[in-house]
Each structure stands twice: as C-alpha cells, then as structure tokens.
Amino acid sequence: MKFVKTLMAASLAVAMAGTAHAAVSSAEAAKLGTSLTLVGAEKAANADGSIPAYEGGLTTAPAGFKSGDSMRPDPFASEQPVLVIDGKNVDQYKDKLTATTVELAKRYPGFRVDVFQTHRTVAMPKPVLDNAVKNATGAKSANGGLAIENVLPGVPFPIPQSGAEAMWNHLLRYQGVTINSKYDSWNVDAAGTATLATTGQAFINYPIYEDLNKPIANTDVYYQMKLYYSGPARRAGEAIMLKDAANAVEQPRRAWQYLPGQRRVKLAPSLAYDTPNPGTAGAGTYDDVFVFNGALDRYDWKLVGKQEMIVPYNTYELTYAQDPKSLTTPNHLAPDHVRWEKHRVWVVEGTLKSGARHIYAKRRFYLDEDSWVALASDQYDARGQIYRGSFAFLSQSYDKEVPDTTPFVIYDLVGNSYNINGIVGPYGGIRYIDPLTKAQWAAESLAGAGIR
C-alpha cells in the first residue's frame with residue numbers, strides 16, 4: 001500500500017509538471033523592442049493609420065498640471081469627436097464594439113459613443129519593462145494556467161500562448177505600487193434614480209512591485225486591498241480587506257470584514273467569485289471589480305486573438321469629474337463624459353468548467369495591448385444571452401509613468417441598472433503613496449479605523 005501511494009504521488013507530480021507551459025523562444029522574444037513594444041504590443045500603426053505607432057507613451061504633463069498634484073488635467077480637452085455612434089448607426093460599427101456597447105446603443109436612445117483620435121499614452125518605468133523582456137523567455141504558466149513560475153514583477157507573458165497567460169498579464173499589470181484614494185460608488189436603478197452606495201477610503205497595493213528583482217513565489221501576495229467605509233450612514237464604520245496570492249490553488253483568496261455592530265474582525269472567505277457585491281445593489285459580483293479580479297480556476301480560458309476595438313480610453317474627464325450627479329444619468333453614464341478611442345485589444349474568452357459554479361456561463365474580456373488592462377467585458381448567462389457588461393476607464397498618470405483604471409462601471413442588462421465605482425474627482429483624485437507597513441496590512445488593523 002505504501003508503494004502504491006508513493007507511485008500515485010510521483011505520477012501526480014509528473015502530471016502537474018506536465019501542465020507547465022514553456023516560455024517563448026529567444027527568436028520569438030527578439031521581436032520585443034523591434035516589431036513589438038517591450039510589453040508585446042504591436043509597435044506599428046494599423047493599416048489606415050487610425051491607430052498610431054507607439055512612440056513611448058505620455059510622459060510629459062500638460063501645462064495646467066501642478067507638480068505633486070493628484071488631480072490630472074485632460075491633455076486632450078480641446079479635441080472633438082471624429083465619429084459619433086448611436087442606435088441609428090451602431091450596426092455599421094458593431095464588429096468594433098463590445099456586445100454590451102451594441103446592446104446599450106440599441107436599447108437607449110440617449111446612449112452614444114463619441115469616438116476621438118487615438119492616443120497611445122501608456123508608459124511604464126524602465127525596470128518594469130526590462131522585466132517583461134526577461135519574462136518572455138523565463139516565465140512559465142503551470143497547473144493548466146492557474147499558477148505561474150519564474151516570473152519577475154512586470155508583464156509575465158508579453159507574447160502570450162494561451163488565454164490564461166493573457167489573463168495573468170491583466171492580474172499582474174503595473175498600476176503603481178500603492179494607491180490611496182477616497183472615492184464614491186453610485187448605483188442607478190431601472191427607474192433612473194441615482195443613489196450613493198458607498199463612500200470609502202481605499203488602499204490598493206501590488207506588493208510584488210516593491211522589489212523588482214525578486215521572482216514571484218506561489219504564496220506571494222500580488223494584490224491586496226482594504227476599504228474603510230464612511231458613508232452612507234448605514235455602512236459607516238465597515239471595513240474589508242482582500243489578499244490574492246500568485247497560486248490560488250495553494251493559497252486561496254484571504255478576506256476579512258469588520259462590522260461595527262459586532263466590534264470584531266471576521267474571516268470572510270465568501271468575498272470572492274460570484275458573491276454579489278453589496279455596494280453594487282446586485283449589479284455586480286466580487287470578481288467583477290476592475291472588470292476582473294481573483295482566481296482563474298472556474299473557467300477554461302481561450303485566447304481568441306487580437307482585434308481593433310472602440311473602447312473607453314484616455315478618460316480624464318470622467319476619472320477626475322468632481323460632480324457624480326453629472327455622470328450618473330438614467331440608464332447609462334452621461335455620454336458627454338466618456339471618451340472612446342480605437343485600440344488593439346487581446347480578446348480572451350472564459351467558459352465555465354464542467355461542475356464549476358458561477359452565475360456567468362461565459363465571459364469575454366478585452367485586454368489593452370499597451371497596458372494589459374482589461375478595458376471591457378461581456379458576461380453571458382447559462383442560456384447564452386448577454387447578462388452584464390463592464391468597462392474600465394484608463395487614464396495615464398503622466399507624472400508617475402502609471403496607467404490607471406480606478407473608475408469602472410458594471411451594467412446589468414437584465415435589471416436595467418448600473419453601478420459606477422471609483423469616483424475620485426470629488427476627493428482630490430488618484431494618489432500614489434509609500435507602501436504601508438506589515439502591521440497596516442494585518443487583519444487586525446481593520447478594527448482600528450472601523451469606528452462609526
């Protein structure tokens with residue numbers, strides 16, 4: 001019996017090892033910095049020039065920016081749309097739009113897509129880019145794509161070979177090291193009534209970027225977030241903390257919650273996957289945050305390929321808007337505040353695994369080639385019908401070499417409602433701060449600030 005167990009363990013180890021995907025060849029990786037950017041985007045313009053060549057991104061602040069400020073003026077404020085898409089002409093452009101965008105245009109007469117000149121503004125620090133090049137020939141995906149090996153902080157798979165590798169690029173994307181912002185989350189119901197869901201103080205940290213020379217271990221936390229709620233009154237004093245490790249099979253998400261009425265910090269393992277996010281009034285799940293976050297294990301991931309798509313981009317006017325009511329119009333965000341551009345995106349489809357549970361049977365994600373941020377998604381129910389869709393609003397923090405997507409919106413196309421999260425304009429914008437201490441990331445720290 002002991003021999004049989006040993007043999008089974010050895011066979012399992014071999015099987016698991018066999019699921020590792022090798023890195024790309026040196027010849028393939030040589031495209032990085034030549035025909036491809038260092039993160040794997042196509043460097044050249046597209047055929048008709050509507051997507052320009054990449055020239056290093058936006059690293060110079062506009063004249064109106066004050067050094068050290070966390071409110072970033074729109075460098076493209078004077079531009080006018082080159083195309084307007086609405087319900088009358090949406091079919092003409094539907095091959096360049098997400099299914100959610102098409103549905104919104106057909107359903108609501110007031111919805112429109114104002115398409116502006118494309119600017120490839122994404123820029124990242126040189127050490128992060130250098131690591132992406134090293135990862136091309138060194139990094140591997142393992143356990144059927146559920147884990148990573150030999151990855152340095154940076155884009156793990158600049159030339160992805162699978163859908164899971166592309167999704168890892170999104171999960172490990174560079175968005176700075178530590179962000180601290182006060183924000184609002186607003187819900188707009190089917191009647192068009194806008195209601196404040198939460199006001200909170202957010203701390204978001206990517207600890208893997210604190211040491212760019214250290215390979216990421218399976219148990220290393222790559223993303224952690226804690227939120228202190230101060231409004232509305234019914235949620236004041238609540239707090240949550242989430243931590244995601246690089247191998248969710250070995251180390252699943254850890255989550256804690258502090259409720260003032262109970263006066264103690266409790267483990268909250270349900271704050272993941274398709275658990276409804278209470279701050280969205282049922283419009284979104286915990287893994288809808290930032291379009292997608294969390295573990296990959298419930299889906300089979302397919303790399304569909306790269307497409308030219310019209311997506312929200314360089315959305316400074318929305319990101320730094322100071323009046324939430326100007327954004328939260330009935331049925332959809334105010335079109336005047338949303339800038340759209342044509343960009344190349346990687347399309348990745350997730351199909352729910354047999355025996356796995358999730359309210360979304362199929363998900364389609366659109367990952368920006370320049371930043372690997374998930375800019376949009378379409379979610380489908382078990383009948384194959386469009387259920388929900390999300391958009392992230394990217395703006396380059398040109399003073400920090402950081403692409404940011406703090407605000408995001410979730411449309412519930414069945415409930416005819418939506419939620420916009422991460423409205424930071426009323427509170428001074430997006431702040432990049434020094435990393436917090438280990439004590440400040442301990443679960444017990446939630447109780448210290450969770451006072452009503």
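The values are calculated or read from the model by the stated rules, or taken from the named source; none is laboratory data. Just so it is clear, the structure is predicted and the values come from calculations on it, not from any experiment. Using ideal geometry, Cβ is built from the backbone for each residue, glycine included, and neighbour counts are taken over all protein chains shown. What goes into the accessible areas is simple: the full protein's heavy atoms, side chains included, and nothing from ligands, DNA or RNA. Shrake-Rupley method; radii C 1.70, N 1.55, O 1.52, S 1.80 Å.
Tally up the residues in segment 66-96 that are open to solvent by 100 Å² or more (accessible area, probe 1.4 Å), over 24 Å from the mean Cα position of the chain (by Cα) and under 23 Å from R344 (Cβ atoms), please.
Qualifying residue count for the region: 2.
Checking the condition modelled with pLDDT of 95 or more and either aromatic (F, W, Y) or closer than 30 Å to G33 by Cα (or both), which residue from L97, L83, L104 passes?
Checking each option against the conditions leaves just L97.
Checking the conditions here, which among Y273, Y228 is touching a Leu at 6+ places or on another chain (Cβ under 9 Å) and at pLDDT 95 or above?
After applying the criteria, what remains is Y228.
So, of the residues in segment 240-256 that are over 24 Å from D434 (Cα atoms) and either part of a helix (DSSP H, G or I) or among the aliphatic types (A, V, I, L, M) (or both), which turns out to be modelled with the highest pLDDT?
A248
Which members of segment 370-396 meet the condition of being crowded, with 24+ Cβ neighbours inside 10 Å and over 14 Å from V291 (Cα atoms)?
Result: D370, S371, S395, Q396.
Could you please find all residues in segment 256-310 being within 16 Å of the chain's Cα centre (by Cα) and β-branched (V, I, T)?
T285, V289, V291
Give me a count of the residues in segment 222-239 that are assigned to a strand (DSSP E or B) and more than 19 Å from the chain's Cα centre (by Cα).
Qualifying residue count for the region: 5.
Take T101 and tell me if it is under 25 Å from I423 (Cα atoms), in contact (Cβ under 8 Å) with a residue 24 or more places away in the chain, open to solvent by 40 Å² or more (accessible area, probe 1.4 Å) and not charged (D, E, K, R).
no
Which one of the conditions (1) at pLDDT 95 or above; (2) closer than 30 Å to W346 by Cβ; (3) buried (at least 22 other Cβ atoms within 10 Å of the Cβ) does A283 fail to meet, given that it meets all the rest?
Of everything listed in (1) at pLDDT 95 or above; (2) closer than 30 Å to W346 by Cβ; (3) buried (at least 22 other Cβ atoms within 10 Å of the Cβ), A283 misses just condition (1).
I need the full set of residues from segment 304-326 which are touching a Pro at 6+ places or on another chain (Cβ under 9 Å) and buried (at least 18 other Cβ atoms within 10 Å of the Cβ), in order please.
N314, T315, Y316, L318, T319, Y320, A321
What single numbered condition from (1) under 21 Å from N169 (Cβ atoms); (2) touching an Asp or Glu at 6+ places or on another chain (Cβ under 6 Å); (3) of a type in the set (S, T, Y); (4) open to solvent by less than 20 Å² (accessible area, probe 1.4 Å) fails to hold for Y366?
Answer for Y366: the failing condition is (2).
Would you check which residues across segment 101-136 are under 28 Å from L413 (Cα atoms), assigned to a helix (DSSP H, G or I) and of a type outside the set (S, T, N, Q) and list them?
Once the filter is applied, which keeps residues that are under 28 Å from L413 (Cα atoms), assigned to a helix (DSSP H, G or I) and of a type outside the set (S, T, N, Q), segment 101-136 yields V102, E103, L104, A105, K106, R107.
Given the conditions (1) open to solvent by 40 Å² or more (accessible area, probe 1.4 Å); (2) touching a residue at least 60 places away in the same chain (Cβ under 8 Å); (3) not in a strand (DSSP E or B), which single one is not true for Y209?
Only one criterion in (1) open to solvent by 40 Å² or more (accessible area, probe 1.4 Å); (2) touching a residue at least 60 places away in the same chain (Cβ under 8 Å); (3) not in a strand (DSSP E or B) is unmet by Y209, namely (1).
Filter segment 328-351 down to residues that are acidic (D, E) and over 19 Å from V291 (Cα atoms), then give me how many there are.
1
Mind checking which pairs have a first residue in segment 249-265 that is closer than 17 Å to A442 by Cα and a second that is in a strand (DSSP E or B) and open to solvent by 50 Å² or more (accessible area, probe 1.4 Å), Cβ under 7 Å, 6 or more apart or different chains?
These pairs meet every condition: W256/K266; W256/L267; Q257/K266.
Considering each residue of segment 185-199, count those that are within 19 Å of the chain's Cα centre (by Cα) and open to solvent by less than 10 Å² (accessible area, probe 1.4 Å), and give that number.
1
Return a yes/no flag: does segment 277-292 have any residue that is assigned to a loop (DSSP other than H, G, I, E, B), free of Cβ contacts under 8 Å to residues at least 12 places away in the same chain and of a type outside the set (F, W, Y).
no
(1) surrounded by fewer than 17 Cβ atoms within 10 Å (Cβ to Cβ); (2) among the polar types (S, T, N, Q); (3) under 19 Å from G144 (Cα atoms): which one isn't true of N247, the others all being true?
Condition not satisfied by N247: (1).
Just for segment 104-123: of the residues that are within 22 Å of Q175 (Cα to Cα) and out of contact with any Gly (no Cβ under 8 Å at 6 or more places or on another chain), which one is surrounded by the fewest Cβ atoms within 10 Å (Cβ to Cβ)?
In this case the residue turns out to be H119.
Any idea which of Y273, Y228 is at positive phi and open to solvent by 20 Å² or more (accessible area, probe 1.4 Å)?
Being at positive phi and open to solvent by 20 Å² or more (accessible area, probe 1.4 Å) holds for just one of Y273, Y228, which is Y273.
Checking the conditions here, which among D48, D74, D91, D69 is not hydroxyl-bearing (S, T, Y) and not in a loop (DSSP other than H, G, I, E, B)?
The match here is D91.
Can you pull out the residues in segment 397-450 that are charged (D, E, K, R) and open to solvent by 40 Å² or more (accessible area, probe 1.4 Å)?
The answer is D399, K400, E401, R431, D434, K438, E444.
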